[in-house]
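> Sending over a structure as structure tokens; questions will come in a sec.
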Amino acid sequence: MTAHLQPLMRRLAALLISAALASLVVFAFMAVLPGDPARVALGLHAGEDAVAQLRAEYGLDRPLPVQYVDWVAGLVTFDLGTSYVSGAEISPQITDRLAVTSWLVGSGLLVALVVAVPAGVYAAVRHRHVDGVAVSALGQVGVSMPAFLVGIVLVTLFSVRWGVLPSSGWVVPAADPAAFVAHLALPALSLGLVQGAVLTRYVRSAVLEVWREDYIRTARAKGLGTVQLVTRHALRNAAIPVLTALGVQLATMLIGSVVIERVFAIPGLGSLLLDSVANRDLLVVQDVVMVLVVLILVLNALVDVLYGFVDPRVREQV
Amino acid sequence: MRAAKRNYGPLRTADGFKRPTARGLFSSAAAAVVAAMLASCSAGEASSPHSTGAQETDARSLSVGFTAEPASLDFTQQDGAAIPQALLGNVYEGLVKLDAQGRIVPGLASSWQVSQDRRTYTFILDGGAVFASGDPFDADDVVHSITSAKSDWSVSVADVMDVVDSVERLSPTQVRVTLSRPSNDWLFRMTTRVGAMFSSEDTTDRATATNGTGPYTLKQWNRGSSIELEPNPHYRRSAPYFPNVSLKYYKDGTALNNALLSGSIDVISNVSAPESLAQFEGRSDVKVSSGTTTGEVLLAFNNASGPFSDKRVRQAARAAIDKQTLMGTCWAGKGTLIGSMVPPTDPWYEDLTSVPPPNQEHARELLAEAGTPTPAIRLRLPNLPYATSCGQVVKNDLEAVGFTVQMDQLEFPAGWISQVMHGKDFDATIVAHVEPRDMPAVFSPDYYLGYSNPEFARLVTQADTGTPEDEIVDMRAAARLISQDAAADFLFLLPNLTVARSNIEGLPTNSISESFDLTSLRAQ
């Protein structure tokens, strides 16, 4: 094994161990969660015999370790099983819903970056001026706004009052690209604007730190303009802390999308999770949570790897 | 400047090969993610190609908004009001159905005869009915449907079929059902999902597909967002006004309201937050309708143990709560006061709202008489809007007469069913029982309220086995008895609050059956 692959292998091993531990925790939580899936399925007046029979059909009468091993074996072979409630295969459901959530989170991230990078740099470069302080203050207001509230305000303005964008729903991109963008606009803005405000603060403080370095002063003394200073020196050196924040924010957005999906009636992974919890469709809940956990672990690992590419000093340390 | 450019040029490895930059890696990752999303979307297209927004171009299409989406389309195996709400009457039909006044009228049976001993029902089938699959509907399908409801359905609502002794085909258009004892309730239950008729040659996976004789058939189920219905090509009568109907699901009440205001839907089936009705009032483009449902909101007592096993303590709690004020505070004054377990649309309704009148002094006297002037109780609430908003008012009223109330919340349905209904670990709870004509089931001794009164059991049995006239008299007496016994406090009846575009007609004012009838809807 070549030397530069070793850190990657170590990272992969850590990821697998984390996922295995997470699976144990997720399963344990589901096991102690009050509420019987069979009882929920059969209704308020169901008799004990009928409930016991359905529990046996679901396989819930088996010992917990057997259920756990069975579930994990399914996970590693990408067989996520069938839903207790609908009897449908879980894998295609998760794939469809994950695609929807990926669009939402991806476009939210884009909005966040488009807002945060210029605003953060501006606030840093103009930190001694009124406009720079105003941008910082605006960011602070954005940080304190919950995404669902931003969503409700946007819907009230753009959908109810002006009628220019749909208030809710989802259109598959291949079916109607224009309608897809129209339906994605408000949810992406709701998710992205708040995260953009958070990211603005990280960008500002990272750029501000770099802005005080000697090499910036030297570059300025050589006659470099502000724009060139920012694009050639400041942004590159400010990237590490911003990247760290971005990794955490992606996880936050993935979880935050659960609320946004509810506000905008979007059939993503979050709404599947909430519905499945309510119906005690435990296998779907376990699978969705594991998919989210693995996604977040992979994103974090990806960010760690990216450090090395962004900053040679980090790569040398590794 | 050149030095700076050199310093931050492309990163290279010691062997001189260009190492991918962060930008390059980001681009690759982004491209991979986009490719995966497109691939997934294309893959998912077959199952969900349709918009869930109302961008339909067909003027004869209709979008109706609901809050609860079915978890499965199979009401034979999965409980819940959402499935029959969408499918009963629209996709599946029964031999009999309810009309807008709550009367039992012909459905797939054009008529029926009841024997002298009230145990035998002979149904004459309406000729010409055909399933969406093309199979004609006949007596064999009736035998198959009733037999399988009796033996194969797993949900508890099918227990009403226990009374069926035998079902036999007399001819292709005649069926005889024999009951083990007379039962007025059985014929009524045949108007609900239990009476739905399925094809005896059916191979449909009912969890995800449909095959009924109704005017609509399932076109597409976009899980998590909508159910699309299209006309049943074999429907025996004239097609409904709206050939294409989209049932859209919004978990969030505000999102549902906004969907109507922004033109995404045409009808809100039932407004879940009555205080939000104000935004629709005074608008010329929408109309609001307020009627009754079959959802009685109960302050349900644990009659079997704890402080509420004493009738006087239960009566004290009833007298302590001013229901009119409570409804105004926690449900925006929308709803109907009932006083017992009977909505005004049932034939045996009687105004019992003054049993007893709110009187806090009388409540204190009852508690003193019971020897517990300051009973401590646990009020366990499901996390449902009406329960959480009314819980605080109930707590205040009870504490005003001497109760000490410890209140907590349980997740509904699973947590509440486990703790309250199954575990019976409660003194009182607030919950709406929405099934039609559910008084006998809710106040049976083995149900979670633990109410046991032989006289009540005698009355409901007599009502079920007697003539329809006897049924009214006996059910009325039974309703009066549980009110006087304070088996529960009947807080109010949930309202049926529909909002629709002003050109939509035919929406029923009251919600009487399990179904949301799409066939009566028209546009001006």
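The values are calculated or read from the model by the stated rules, or taken from the named source; none is laboratory data. Computed from a predicted model, the values in this text were never measured in an experiment. A quick note on method: Cβ atoms are made from the backbone with ideal geometry, for glycine too, and the neighbour counts reach across all protein chains shown. Accessible surface areas use protein heavy atoms only, side chains included; no ligands, DNA or RNA. Shrake-Rupley method; radii C 1.70, N 1.55, O 1.52, S 1.80 Å.
> Per residue, how much accessible surface does the range B:235-299 expose to a 1.4 Å probe? Answer in Å², no decimals. Before the final figure, lay out the partial values.
Working: 2140 Å² over 65 residues.
Solvent-accessible surface per residue comes out at 33 Å².
> One quarter of the convex hull surface, Cα atoms only: what value does that give for chain A in nm²?
The Cα convex hull of chain A, projected and averaged over all directions, gives 22.1 nm².
> Using mean Cβ contacts within 10 Å as the protection proxy, how do B:236-247, B:312-323 order, highest first? Walk me through the numbers on the way to the answer.
Working: B:236-247: 18.4, B:312-323: 23.7.
Sorting B:236-247, B:312-323 by mean packing, highest first, produces B:312-323, B:236-247.
> Could you tell me what percent of the accessible area of the protein assembly as shown is made up of carbon and sulfur, with a 1.4 Å probe and every protein chain present?
Roughly 58 percent, rounded to a whole number.
> Please report Rg (one decimal) and Dmax (integer) in Å for the Cα set of the range B:367-524.
Cα only, the range B:367-524: 19.4, 64 Å (Rg, Dmax).
> Counting helices only, and only those DSSP H runs with n ≥ 4, report the 222 nm mean residue ellipticity of the protein assembly as shown as the sum of -39,500 (n - 2.57) divided by its residues, in deg cm²/dmol to the nearest 500. It would help to have the intermediate numbers written out before the result.
Working: 26 runs with 373 residues, N = 842.
After summing the helix terms and dividing by residue count, I get -14500 deg cm²/dmol.
> Solvent-accessible area of A:Ile17, probe 1.4 Å, all protein chains present, reported in Å² to the nearest ten, please.
It works out to around 110 Å².
> Can you give the convex hull volume per residue for the Cα atoms of the range A:187-318, as a whole number of Å³?
It is 113 Å³ per residue.
> Can you sort B:Trp186, A:Trp103 by solvent-accessible area, 1.4 Å probe, largest first?
So the residues, ranked largest to smallest area, are A:Trp103, B:Trp186.
> Could you please put B:Thr192, B:Thr173, A:Thr77 in sequence from largest to smallest accessible area, using a 1.4 Å probe?
Accessible-area ranking of B:Thr192, B:Thr173, A:Thr77, largest first: A:Thr77, B:Thr173, B:Thr192.
> With the calculation restricted to Cα positions, what are the radius of gyration and Dmax of chain B in angstrom?
My reading of the Cα-based Rg and Dmax gives 27.9, 107 Å.
> Normalised radius of gyration for the range B:252-340, please: alpha carbon Rg relative to 2.2 N^0.38 Å, two decimal places.
Details: Rg = 18.0 Å, N = 89, 2.2 N^0.38 = 12.1 Å.
Normalised Cα radius of gyration, the range B:252-340: 1.49.
> Further, regarding this structure: Please compute the per residue accessible area over the range A:178-230 with all protein chains in place, 1.4 Å probe, rounded to a whole number of Å².
Computed with neighbouring chains in place, this is 45 Å² per residue.
> In debye to the nearest 20, how big a dipole does the range A:27-177 give about its Cα centre with +1 on each Lys and Arg Cβ and -1 on each Asp and Glu Cβ?
For this selection, approximately 880 debye.
> Compute the acute angle (0 to 90°) between the alpha-carbon long axis of helix B:22-45 and the principal axis of greatest extent of the alpha-carbon atoms of chain B; round to the nearest 10°.
50 degrees
> Here's a follow-up. Given 10 Å bins starting at zero, what is the percent of C-alpha pairs of the protein assembly as shown in each, up to the one with the largest pair distance?
2, 11, 19, 22, 19, 13, 7, 4, 2, 1, 0
> What residue among A:Val210, A:Val51, A:Val66 shows peak mean-square fluctuation when chain A is described by a Gaussian network model with Cα springs under 10 Å?
Maximum among the listed residues: A:Val66.
> Answer with one residue from B:Thr67, B:Ser276, A:Val26: the one whose Cα lies farthest towards the positive end of the charge dipole of the protein assembly as shown, charges on Cβ with Lys, Arg +1 and Asp, Glu -1.
A:Val26
> What figure, in Å² to the nearest 10, do you get for the accessible area of B:Trp153 with a 1.4 Å probe and non-protein molecules left out?
30 Å²
> Enter the accessible area per residue of the range B:115-175 (Å², integer; probe 1.4 Å; all protein chains in place).
Solvent-accessible surface per residue comes out at 42 Å².
> Classify the range A:27-142 as rounded, prolate or oblate, taking a ≥ b ≥ c as the square roots of the eigenvalues of its Cα gyration tensor: rounded when a/c is under 1.5, otherwise prolate if a/b is larger than b/c and oblate if not.
prolate
> What value does the range A:153-214 have for Rg/Rh, both radii from Cα atoms and Rh as Kirkwood defines it? Could the numbers behind the result be given before it?
Values: Rg = 17.4 Å, Rh = 13.9 Å.
Checking Rg against Rh, the ratio lands at 1.25.
> Just want to confirm a number: the relative contact order over chain B, from Cα pairs under 8 angstrom separated by 6+ residues, in percent. Show your work: numbers first, answer last.
Details: 1021 pairs, mean separation 97.5, N = 524.
Relative contact order of chain B: 19 percent.
> If you project the alpha carbons of the range A:229-288 onto the principal axes, what extent comes out on each, in Å, largest first?
Principal extents (largest minus smallest coordinate, Cα): 56, 24, 11 Å.
> Using the C-alpha gyration tensor of the range A:87-187, what are the square roots of 5 times its eigenvalues, in whole angstrom, with the largest one first?
Largest first, the range A:87-187 gives 33, 17, 13 Å.
> Quick check: with the 1.4 Å probe, what order do B:Glu275, B:Glu93 take by accessible area, largest first?
B:Glu275, B:Glu93
> I would also like to ask the following. Please enumerate, by chain and number, the lysines with C-alpha under 20 Å from the C-alpha of B:Lys287, excluding those fewer than 8 residues away in the same chain.
B:Lys248, B:Lys334
> Could you state how much accessible area B:Glu514 has, in square angstrom rounded to the nearest 10, with a 1.4 Å probe and all protein chains kept in place?
Accessible area, nearest 10 Å²: 40 Å².
> Here is a follow-up. With an 8 Å Cα cut-off and a minimum separation of 6 or more residues, compute the relative contact order for the range A:230-290 in percent. Each step should come with its number before you reach the end.
Values: 23 pairs, mean separation 10.6, N = 61.
Value for the range A:230-290: 17 percent.
> Still on this structure: For B:Lys424, go through the lysines and keep the ones whose alpha-carbon is under 19 Å away, minus same-chain ones fewer than eight residues off.
Within the straight-line limit of under 19 Å, B:Lys424 reaches these lysines: B:Lys311.
> Which residue fluctuates most in the GNM of chain A (Cα springs below 10 Å): A:Gly142, A:Gly192, A:Gly120?
Comparing A:Gly142, A:Gly192, A:Gly120 in a Gaussian network model of chain A, the most mobile one is A:Gly142.
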